[in-house]
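Okay, so here's the structure we're looking at.
Derivation of every value follows stated rules applied to the coordinates shown; laboratory data play no part. Worth saying up front: this structure is predicted, and the values here are computed from it rather than measured. Counting neighbours? That spans all protein chains shown, and the Cβs are built from the backbone with ideal geometry, glycine included.
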Amino acid sequence: MIKKCLFPAAGYGTRFLPATKSMPKEMLPVVDTPLIQYGVEEALEAGLTEIAVVTGRGKRSLEDHFDISYELEHEISNTGKEKSLSGIRHLIEACSFSYTRQVEMKGLGHAILCGRPLIGDEAFAVVLADDLCLNVDGDGVLAQMVKLYEQFRCSIVAIQEVPLEDVSRYGVIAGEAIRDDIYRVERMVEKPRPDEAPSNLAIIGRYILTPDIFALIEQTVPGKNGEIQITDALLKQAKQGCVLAYKFKGQRFDCGSAEGYVEATNFCFENIYKAKTAPQSRRLEAV
C-alpha cells in the first residue's frame, strides 16, 4: 500500500532564531532526539520505508544525520555510548532516504510539489517535523491514518480541536461527520480570523495524499506572500471527490513555538527518555 513519506524541510524556522540561524529547525533535539527522527520513526511504525525529504540551503545536516558517521562510530566503539546510536542505525537500515531542494520558499503546497519527482504516481504521507505527534498508548498518528486510507482510499488530513482564538494559525475545516472522529471535508480555510472560521477543527502536520494532488497544486493560484497553500488544493480535491479529516488519538506538540517545544521536551523526558535510560532491573520492575 503506502510506502512513501514526504518531509517538507526547507523552511527557515524563523520562530526559533537565533538557534536556527545555522541549524535546521528539524534538527532541534527534544531531549536527545532530533525532531525529524521522531517523524521518521513514526513513518516507519506505519510501514512507510521510503523517506523523501525536501530540503533547502543550509540543511545538509539532515542528510548527514541519516547516514553512517564512520569517525564517530570508530571513536565510541566498544564503549557504553554505542547504544545511543541504535535508534538511528535502525532507521538507516530499515528505510531509504532521497532528497531534493525547494529553491524558493513558496508555501507548503509548493514544497509538496517539489517532492513530486521523489514520490511519483502513488499515494503518500506528509509529515511536518515540527508538529511532534506521540501516542504512547497505541498506534502512532500515521499508523492510524494509513489504516483509514486502506478503508477509504482518499486524501486524509489530521485535525484537532483548538481554542477559537488560535484558529488564525491553522488551516481549518468543516464538514459532515461520518463518525465521531471522521469528517468529510466540505470547507477548508487557511488561517481564518476567529469570526470567519468555519469551526475550531484545525489541520496539523500529518497528511495522506493521493497523487492527483500534484496536478491540483499546479492549478492553485498563489495567495498571500506569493505562497501556494496545500489547503486550497485540498479544497478542490474535496469538491471533486473526497477528502477526510481525522481526529487522531494521541498528543501533538507545536515544536515550532518555544512553549510547545518546552512542553514536548518535558513530556518526552518523563514518558520516553526515563524509560529508555532506566537500569534493566528498574525496567523489569515497571513491567
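Quick check on the chain: helices-only [θ] at 222 nm, where DSSP H runs of length 4 and up contribute -39,500 (n - 2.57) each and the sum goes over total residues. Nearest 500, please. All intermediate terms of the calculation are to be shown ahead of the outcome.
Details: 12 runs with 94 residues, N = 287.
Using -39500 (n - 2.57) per qualifying helix, the result is -8500 deg cm²/dmol.
Length gained on full extension, residue 151 to residue 32: 39.2 nm, using 0.36 nm per residue less the C-alpha separation. Between helix 258-268 and the chain there is an angle of about 50 degrees, using the helix long axis and the longest principal axis of the Cα atoms.
Loop-resident trypsin sites (Lys or Arg not before Pro) (DSSP state other than H, G, I, E or B) in the range 20-93 with no more than 11 further Cβ atoms inside 10 Å of their Cβ: 21, 57. Pairs from the table (81/274; 191/247; 21/249; 4/191) lying more than 25 angstrom apart at Cα are 21/249; 4/191.
Run through the DSSP bridge list for the chain and note the antiparallel percent, rounded to the nearest 5.
Working: 28 of 46 bridges.
If I count the DSSP bridges inside the chain, around 60 percent turn out antiparallel.
Centroid-to-centroid, using Cα positions, the range 38-95 and the range 161-208 are 34 Å apart.
Please arrange 257, 22 by counting, for each residue, the other beta carbons lying within 10 Å of its beta carbon, fewest first.
Working: 257 14, 22 8.
By the 10 Å Cβ count, ascending, the order reads 22, 257.
Between amide H atoms placed 1.01 Å from N, distances below 5 Å from residue 223 occur with 228, 229, all of them 5 or more places distant or on a separate chain. How far, in degrees from 0 to 90, does helix 230-240 lean away from the longest principal axis of the Cα atoms of the chain, to the nearest 10? Around 50 degrees separate the two axes. Ignoring aspartates and glutamates fewer than eight residues from residue 59 along the same chain, the ones with Cα atoms less than 17 angstrom from its Cα are 26, 67, 104, 130. What the phi angles of the range 134-144 give under the Karplus curve with 6.51, -1.76 and 1.60, with θ = phi - 60°, is a coupling list of 9, 9, 6, 9, x, 4, x, 4, 5, 4, 4 Hz, glycine and proline written as x.
Provide the net charge surrounding residue 265, with neighbours chosen by a C-beta distance below 12 Å and charges set as Lys +1, Arg +1, Asp -1, Glu -1. Don't jump to the answer; show the numbers that get you there.
Numbers: positive: none; negative: 32, 259, 263, 270.
Surrounding charge for residue 265 is -4.
Here the 3J(HN,Hα) profile of the range 77-89, calculated from phi with Karplus coefficients 6.51, -1.76 and 1.60 at θ = phi - 60°, is 4, 6, 10, x, 7, 4, 5, 5, 9, 4, x, 6, 5 Hz, Gly and Pro shown as x.
For the chain, a Gaussian network of Cα nodes joined below 10 Å ranks 30, 136, 243 by mean-square fluctuation, and the top entry is 136. Across the range 114-122, rounded Karplus estimates of 3J(HN,Hα) from the backbone phi angles (6.51 cos²θ - 1.76 cosθ + 1.60, θ = phi - 60°) give 4, x, 4, x, 7, 9, x, 9, 8 Hz, Gly and Pro being marked x. Of the GluC sites (Glu not before Pro) found in the range 66-150, those that fall in a DSSP loop while having at most 16 other beta-carbon atoms within 10 Å are 104, 122. Taking 4.7 Å between C-beta atoms as the pairing limit, the chain has these partnerless cysteines: 5, 95, 114, 133, 255, 268. Relative contact order of the range 4-274, taken over Cα pairs closer than 8 Å and 6 or more residues apart, is 23 percent. Subtracting the Cα-Cα distance of residue 219 and residue 92 from their residue separation scaled by 0.36 nm leaves 42.1 nm. Where is the GNM fluctuation largest for the chain (alpha-carbon springs, 10 angstrom cutoff): 116, 184, 169? Of 116, 184, 169, the Gaussian network model singles out 169 as fluctuating most.
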